[in-house]
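Inspection log for the structure reproduced underneath, given as structure tokens.
The values are calculated or read from the model by the stated rules, or taken from the named source; none is laboratory data. Just so it is clear, the structure is predicted and the values come from calculations on it, not from any experiment. Neighbour counts run over all protein chains shown; Cβ positions are idealised from the backbone, glycine included. Note: areas computed on protein heavy atoms with side chains; ligands, DNA, RNA excluded. Shrake-Rupley method; radii C 1.70, N 1.55, O 1.52, S 1.80 Å.
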Amino acid sequence: MDTPEKKKVIFSAIQPSGTITLGNYLGALRNWVKLQDNYNCIFAVADLHAITVRQEPKTFRQNILNAYALLLACGIDTEKSLFFIQSHVHTHAELAWVLNCYTQFGELSRMTQFKDKSAKHADNVNAGLFAYPSLMAADILLYQSDMVPVGADQKQHLELARNIAERFNGIYGNTFKVPEPYISTVGARVMSLQEPTKKMSKSDENVNAWVAVLDKPDTIMKKFKRAVTDSEAVVKVGEGKDGINNLIGIMSAVTGKTADEIAIEFEGKGYGDFKTAVAEAVIEEVKPIQARFDEYINNKDYLVEQYRKSAEIAEKISQRTLDKAMKKIGFIAK
Ligand code: TRP
């Protein structure tokens, strides 16, 4: 009998930072949802990573739950994938400690995110912020992940995870699968609405620069109407037209129309009409997500049931890897 082909394992996680932007959704989350049919997907809310910067307890608790509910609302399906809260699966913190001892000070010092974040939070350059990539390596390696969909900002961390895995395997023999980056062919790169050469980011001080998936329709409309464009007033992709290029990219990602189709549709129309149309399309796209989010966030029992179910399975799978690694090092099993 033929053994059915085993689906490849994909792991990814997102920090519970309070807001999920249109950029996060179109660039990453929407792809995660699609991956669920063809891969064995494991997703987590990375709450342990979040305490590398100071969190206010009440807000933190709410942010974790909101992130969980919002990802479900976007289409992460616990019937198809594992989707849990990182701190609920104790193996992550444990393997992270182990991996810390196989990660060099020099390697962690070279991480650009560490350099950026320690400059930004100069009063709290804690050891967790420094060791952040070894926790991320633990997340990935615990599930013998084949692939990790990551944006440009996390590529260096994934590279380090690969180095740690190879180093460990080199010392003790094959223990961890060395993960590959998953490069999406479709992910839209959404830029700031105010400075369209920069990536859309919720840490942007100018709130008009980004749109949140949970923004109210009139807020979305307002932000798109204020979007920075050029003076040419032609809805068409072009050099030096970063603002319009970005709006066309968003319109295309949301409606499935090509840039050419959009250019034809808006021929002879002004930027005002186009911005309104983009805002309307985005509002339509997020409307069902917002409705599902409201439903989930008001049904705590359902959320608890979902995250517990996945955490229980994740614990079993990851425990095997942790045990294997610890045994190889020489720890005594209890
Ligand atoms: N560090 C990632 C981010 O901030 C989130 C994350 C945590 C992650 N663990 C991961 C991403 C493992 C991919 C794989 O975006």
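Filter region 196-221 down to the residues that are touching a residue at least 40 places away in the same chain (Cβ under 8 Å), in a loop (DSSP other than H, G, I, E, B) and closer than 18 Å to GLY18 by Cβ and list them by number. Show your work before the answer.
Taking region 196-221 and keeping what is touching a residue at least 40 places away in the same chain (Cβ under 8 Å), we get 196-197, 199-202, 210-215, 217, 220-221.
Within this subset, residues satisfying the condition of being in a loop (DSSP other than H, G, I, E, B) are 196-197, 200-202, 210-211, 213-215.
Residues satisfying the conditions are MET200, SER201, LYS202, TRP210, VAL211, VAL213, LEU214, ASP215.
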Would you please name the residue that is farthest from the ligand (Cβ to nearest atom), looking only at residues in region 1-19 that are aliphatic (A, V, I, L, M) and either at pLDDT below 95 or more than 25 Å from VAL190 (Cα to Cα) (or both)? MET1
Would you mind stating whether PRO196 is over 19 Å from the mean Cα position of the chain (by Cα), over 26 Å from ILE51 (Cβ atoms) and open to solvent by less than 40 Å² (accessible area, probe 1.4 Å)? yes
Long-range neighbours under 8 Å by Cβ, at least six apart or interchain, first residue farther than 13 Å from ALA314 by Cβ and of a type in the set (Gly, Ala, Ser) within region 140-155, second more than 8 Å from the ligand (Cβ to nearest atom) and assigned to a helix (DSSP H, G or I): GLY151/GLY27; GLY151/ALA28
Output for region 134-156, where each listed residue is among the acidic types (Asp, Glu) and open to solvent by 30 Å² or more (accessible area, probe 1.4 Å): ASP153
What is the residue count in region 11-32 for residues that are within 22 Å of ARG308 (Cβ to Cβ) and not polar (S, T, N, Q)? 5
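Residues checked against (1) assigned to a strand (DSSP E or B); (2) open to solvent by 30 Å² or more (accessible area, probe 1.4 Å); (3) acidic (Asp, Glu):
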position	(1), (2), (3)
ALA13	yes, yes, no
ARG30	no, yes, no
LYS34	no, yes, no
ASP37	no, yes, yes
ILE42	yes, no, no
Starting from region 99-128, take each residue that is more than 17 Å from GLN154 (Cβ to Cβ) and list its partners that are assigned to a helix (DSSP H, G or I) and open to solvent by 70 Å² or more (accessible area, probe 1.4 Å), counting only C-beta distances under 8 angstrom and pairs at least six apart or across chains. TYR102/ARG167; TYR102/ILE171
Scanning for something within 12 Å of the ligand (Cβ to nearest atom), at pLDDT below 95 and assigned to a helix (DSSP H, G or I), does region 82-93 turn up at least one residue? no
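Mind telling me which of the residues GLU305, GLU267 ends up being of a type outside the set (A, V, I, L, M), outside any helix (DSSP H, G or I) and over 21 Å from the mean Cα position of the chain (by Cα)?
On the way: GLU305 fails: outside any helix (DSSP H, G or I).
Answer to the selection: GLU267.
Determine whether GLU79 is over 16 Å from PRO16 (Cα atoms), outside any helix (DSSP H, G or I) and open to solvent by 60 Å² or more (accessible area, probe 1.4 Å). Give the derivation first.
Values: over 16 Å from PRO16 (Cα atoms): yes; outside any helix (DSSP H, G or I): yes; open to solvent by 60 Å² or more (accessible area, probe 1.4 Å): yes.
Considered against the rule, which asks whether it is over 16 Å from PRO16 (Cα atoms), outside any helix (DSSP H, G or I) and open to solvent by 60 Å² or more (accessible area, probe 1.4 Å), GLU79 comes out as yes.
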Could you identify the single residue in SER192, SER145, SER231 that is in contact with a helix residue (DSSP H, G or I) (Cβ under 7 Å, 6 or more places away or on another chain) and of a type in the set (S, T, N, Q)? SER192
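Here are GLU232, GLU261: which of them is acidic (Asp, Glu) and assigned to a loop (DSSP other than H, G, I, E, B)?
Working: GLU261 fails: assigned to a loop (DSSP other than H, G, I, E, B).
The conditions single out GLU232.
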The one condition in (1) in contact with a strand residue (DSSP E or B) (Cβ under 9 Å, 6 or more places away or on another chain); (2) farther than 21 Å from ASN24 by Cβ that ALA333 fails to fulfil: (1)
Which numbered condition ASP273 fails, given (1) exposed (fewer than 15 other Cβ atoms within 10 Å of the Cβ); (2) over 30 Å from MET221 (Cα atoms): (2)
List every residue pair whose Cβ atoms lie under 7 Å apart, where the two residues are 6 or more positions apart in sequence or sit on different chains, the first residue falls within region 282-309 and is in contact (Cβ under 8 Å) with a residue 40 or more places away in the chain, and the second residue, located anywhere, is basic (Lys, Arg) and surrounded by 13 or more Cβ atoms within 10 Å (Cβ to Cβ). none
